[in-house]
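Take a look at the structure below.
Since every read-out is calculated from the coordinates, none of them should be taken as a lab result. Keep in mind it's a predicted model, so treat the numbers as computed, not measured. Cβ placement follows ideal geometry from the backbone for every residue including glycine, while neighbour counts extend to all protein chains displayed.
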Amino acid sequence: MIGNRLTHRTADGVRVPGTWRHAFTCNGGSYFLTDLFIYADGLVDCWELVTLDEFEEKLRSGWVATSLPDGGRASAHDLASWTFGEPHTWSTPELLLAEVRDTVDELNGRPDSTGRCLAAVDVFMGDRTEDNRAAALAAYLAIPETVRLYALGDMDRKDLPLRVLVAGPGGRTPDGHGDPVTQEEYDEAIAYFEQRARWLTEAPSRVPADGAADSTAPAIKIYHSYPQRALEHPGKGALRNDYPAPITLGDLTYPSVAHAYWALSVAEPQARAAVAAAGTGAKARTLAAAAPRREGWDRARTAVMARLLRAKYEQHPGLAEVLLSTGDATVLYDDADSGFWGDNGGRGRNWTGRLLELVRSELLAGQARID
């Protein structure tokens, strides 16, 4: 199973997706813990790129090891070395090869052995003949034993309903344990798969109780710029912190959010006044950078920025409409001067973008009269 372990290699200028898992190799009688890279084109990297057939040969020869001897010497490069004591492994060459083949199918978006088994079960549920049951049983047995438990994605029942279904009334489950399947157990398995089919049919149209998980609008980017004056139709540029939109905090008015932020950041009142009076937001930043910061500023700055953004959009309804027009889009804020406030091509933390989304949601809550 791929999970979140995603990687790629480039072949002839083409990006080939892949994943990896741990494995032991045996070289000169010593065992080495390494990463086994599996790619969508069917090549496997275990110290060298090989085809699936060549990988199978490495498994059969023991070069890729699935059994570990008591007293065998092992190491992980630049990490540790040890000697095996009463080792136990859950894999065999056949199982590991089957898992790798499944991974190649998964990387290509094809049904793996689990998907093929569940498709065979669907056929049986539609036409419950013994031939179709036998096909479902064969498909179940083709799933690597190490992943059969997870075939249904049910952490409570595991694969028990599947084992009972392919065994049938009076039959024994494929693991060979327990008594023959009773009619009651079989009926429960049938009911399980009928309910599962209904759930899968309804799932695409099911609306989450708390709304969609993803944005419905494309992400927007607020590019770095140096606005000099307010415009009649500023567009998304009005969302920049240095856009000329005066905000009042208490008895003081600042020319922009940037002016207020940088003025509040400096420790000395005289320097603070000079920053607030700077000609542009960029000049305010330059002046503030030359003055000492207030104690604890780095821990308070996100709260200060949230307060300033709320003031901006509460005091400028027209600009609030610009922000609301972004819908539920992810806001990416460019800031050439700060990887903290800017997204900066995915290398920054994008705190300005995040706070703009927060203020936008608060404006929407106000419109809906949600306190």
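Worth a mention:
- All aspartates and glutamates inside 14 Å of K283 as judged from Cα atoms, apart from same-chain residues fewer than 8 positions distant: D242, D337
- Only helices reaching 15 angstrom along their own axis (Cα) with mean Kyte-Doolittle hydropathy no lower than -0.5 count here, and for the DSSP H runs of the chain these are 93-107, 113-126, 130-141, 351-367.
- Of the trypsin sites (Lys or Arg not before Pro) found in the range 214-278, those in coil by DSSP whose Cβ has at most 11 other Cβ atoms within 10 Å are R229.
- The chain: antiparallel DSSP beta bridges as a percent of all, rounded to 5: 85
- Virtual spin-label span in nm between D156 and L324, 7 Å along Cα→Cβ: 4.4
- The range 322-366 residues near the modelled R310 label - backbone nitrogen below 12 Å, point 7 Å along Cα→Cβ: 359-360, 362-363
- For the range 220-367: relative contact order, % (alpha-carbon pairs under 8 angstrom, 6 or more apart): 21
- Helical content of the chain, expressed as a calculated mean residue ellipticity at 222 nm, amounts to -12500 deg cm²/dmol (DSSP H runs of 4 or more residues, -39,500 (n - 2.57) each, divided by residue number, nearest 500).
- Restricting the calculation to alpha carbons of the chain gives Rg and Dmax of 30.9, 90 angstrom.
- Taking a quarter of the surface of the Cα convex hull of the range 119-236 gives a mean projected area of 13.2 nm².
- In the elastic network of the chain, a GNM with C-alpha springs shorter than 10 Å, the most mobile of G115, G250, G71 is G250.
- All other residues whose Cβ lies under 14 angstrom from that of D35 are scored, Lys and Arg at +1 and Asp and Glu at -1, for a net of 0.
- Within the same chain, lysines fewer than 8 places from K236 are excluded, and of the rest, those with a Cα less than 16 Å from its Cα are K221, K312.
- Cα shape, the range 103-160, gyration tensor, a/c 1.5 rule: oblate
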